[in-house]
C-alpha cells in the first residue's frame, strides 16, 4: 500500500494542541478560516501523483435486486437454442449455488424470450423490447459485461457494491468521496440519496449510504418524496430565518467553547451539520421545485417525472442536483429480484426505468454536462442462465448469479459506444477481461482524480480504503 503522501487523518501540533487550537494560537484565529476554505475545496487529498480528474460528480442509478444481464444486455443465442437442456457440468465447474436453487434436481437452461437487435454505430446488441430508450444511447455508454462479485445474497451483495466490503460498518462510496474531495456546493449536501417510492423488494437500510467509521458529516442525505424532502429541516412556527441565524450563532459559540476544552471532533461535525441544515432550508426547496422546468423536459423524461418519488422524477432531480455541483447522487430502484415470473416482472421494471435512465444521459449531454458527470447503471449481481423452480417457456425465474453480470457507464472519461469484457455462450463465466467490484471502485476514483490506494483512513490500527487490498483501473473502458 502506497504511503508516500499520506492523507490528513488527524493533525496534532508539537505542543499537543488540536488543529483548531494550534491555528488560533499561532494565527490569531485567522488560520482557521483559511483551513476551512481549503478543506472545503480539496477535502483530504494530499500531495502530488493523483491522476487528473475526468469527472466532477457521479450519478449512480442502482437497480437493487440483481437485473438479469441475459434478458437486457448480454445476448446469448445458444441459450435460446439449448432451452430446456441441462446446465453442462463443464460450465458450472462445481461452483456453489444459492440455497434457493442448489437443491433442484434439474437446472434447465432458459434463454431470453425477448427480441435483441444491434443499435447505434457501435452495433451494440440490446434488448429492443425492454430497452427501447436505452438502445438509442448505445453510442454514449460503455457496457461492462464482465462484472463479478463473491456475494450471492442481497445484503452482502448491495453492501459490497456500496462500500467495498460484504460486511457492514465500512464507509459508503459517497462518504469516501466527500471525505477525500470535499464539497463543491456549500448550500447542499455533497452526497444525496433518493429511493423510488412505493417499491417492494429487498430492504434498503441507511448504512448503505452511511459514513461508517468516518465522521458523521460524510453521511449521505436522503431526499424523501414529500413536501419536506428532508426531515426536520423547517424551523418551528414563530421562528423566522434571522432569528434562526441568531440561535445558531449562539449555539456555535457554546460548542466552540466546549471544543476548546475537550478537543472532541464530534463537536466540529455537529457545528458543520447545523450550518448545512441552515443552508439547506433555502437551497432544498429551490432544487426540488420542478415547476420551473419547461415542457420539453417532461417530454424527454416522460409524464412520470411529474410525480414525486418516481424513478423518473428522481432522475430529473438528479440532473438538477448535478447542475448545482452535488458530488455524489445515488438513486435506488428496487424490485429486480425475479426468482419467478421474470418475463412480466422485468418488463414492468424496465417500463419504470428505461426512459428516464436514457433521458438523464441525453439531458446531461445536451447541456454539456456529460463530459464531467459519470453516470452508472447496474445492480449488485446478475441472474442465472438456468431456471429457478419449475420450467415454463413463458413464465420462469432466475436465481442470483455473481460470476458475471452487466453494468454500464457513461460520460466522465468513459469510452462511449464501447463494450468491455466477455462471458461464455451461456453467460455463466467470464472468458475475457473480468471486472471485480474493487476494479470498478478503483476506476470510479481514478476518473474523479483519486489514486485509490492513497485514499485511506486509519481505523483500529490499520489504514482502510474503499478498494480494500486490491483493485485495477479498467483502462480499456476509458476514453
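Please arrange 373, 431 by how many other C-beta atoms lie within 10 Å of their C-beta, fewest to most.
431, 373
Under a crude label model (7 Å from the Cα following the beta-carbon direction), how far is residue 255 from residue 306 in nanometres?
Roughly 4.2 nm, to one decimal.
Tell me, how many Å apart are the Cα centres for the stretch 384-445 and for the stretch 241-276?
If you average the Cα positions of each part, the centres end up 48 Å apart.
Subtracting the Cα-Cα distance from 0.36 nm times the residue separation, let me have the gained length for residue 105 to residue 128 in nm, one decimal.
Working: separation 23, 0.36 × 23 = 8.28 nm, distance 3.39 nm.
Computed gain between residue 105 and residue 128 is 4.9 nm.
To the nearest 0.05, how large is the calculated FRET efficiency for residue 121 and residue 98 if R₀ is 45 Å and r is the Cβ-Cβ distance? If you can, show how the numbers build up before the last one.
On the way: r = 40 Å, r/R0 = 0.88.
About 0.70, to the nearest 0.05.
If R0 is 30 Å, what FRET efficiency do you get for residue 479 and residue 272 from their C-beta distance, rounded to 0.05?
Efficiency at R0 = 30 Å is approximately 0.25.
Compare the peptides 211-221, 248-258, 111-121 by average per-residue count of other Cβ atoms within 10 angstrom and give them in order, highest first.
The packing order, highest mean first, is 211-221, 111-121, 248-258.
Give me the extension gain from residue 390 to residue 240: residue separation times 0.36 nm, minus the current Cα-Cα distance, reported in nm with one decimal. Provide the component values of the computation, followed by the final result.
On the way: separation 150, 0.36 × 150 = 54.00 nm, distance 6.32 nm.
The span from residue 390 to residue 240 would gain 47.7 nm if fully extended.
May I ask what percent, to the nearest 5, of DSSP beta bridges between residues of the chain are antiparallel? Write out the running numbers ahead of the final one.
Details: 24 of 49 bridges.
Given both bridge residues lie in the chain, the antiparallel proportion sits at roughly 50 percent.
Between residue 460 and residue 282, with labels modelled 7 Å along Cα→Cβ, what's the label distance in nm to one decimal, could you check?
Output for this residue pair reads 4.3 nm.
Quick check: residue separation of residue 325 and residue 366 times 0.36 nm, minus the Cα distance between them. What number comes out in nm?
13.1 nm
If each of residue 81 and residue 53 carries a label point 7 Å out from its Cα toward its Cβ, how far apart are those two points in nm?
5.0 nm
Between residue 472 and residue 186, what FRET efficiency comes out of the Förster formula 1/(1 + (r/R0)^6) with R0 = 25 Å and r the beta carbon distance, rounded to 0.05?
The calculated FRET efficiency here is 0.10.
So how far, in whole Å, is the C-alpha centre of the stretch 292-371 from the one of the stretch 126-161?
15 Å
Tell me which label goes with the value of Rg and Dmax of the Cα atoms in Å computed from the coordinates here: [x] 24.7, 87; [y] 25.6, 100; [z] 23.7, 78.
Looking at Rg and Dmax of the Cα atoms in Å for this model, the match is [z].
No lab work stands behind these numbers, since they all come straight from the coordinates. The shown structure was predicted, so the numbers you read here are calculated from the model rather than taken from an experiment. FYI the Cβ positions are ideal-geometry reconstructions off the backbone, even for glycines, and counts take in every protein chain you see.
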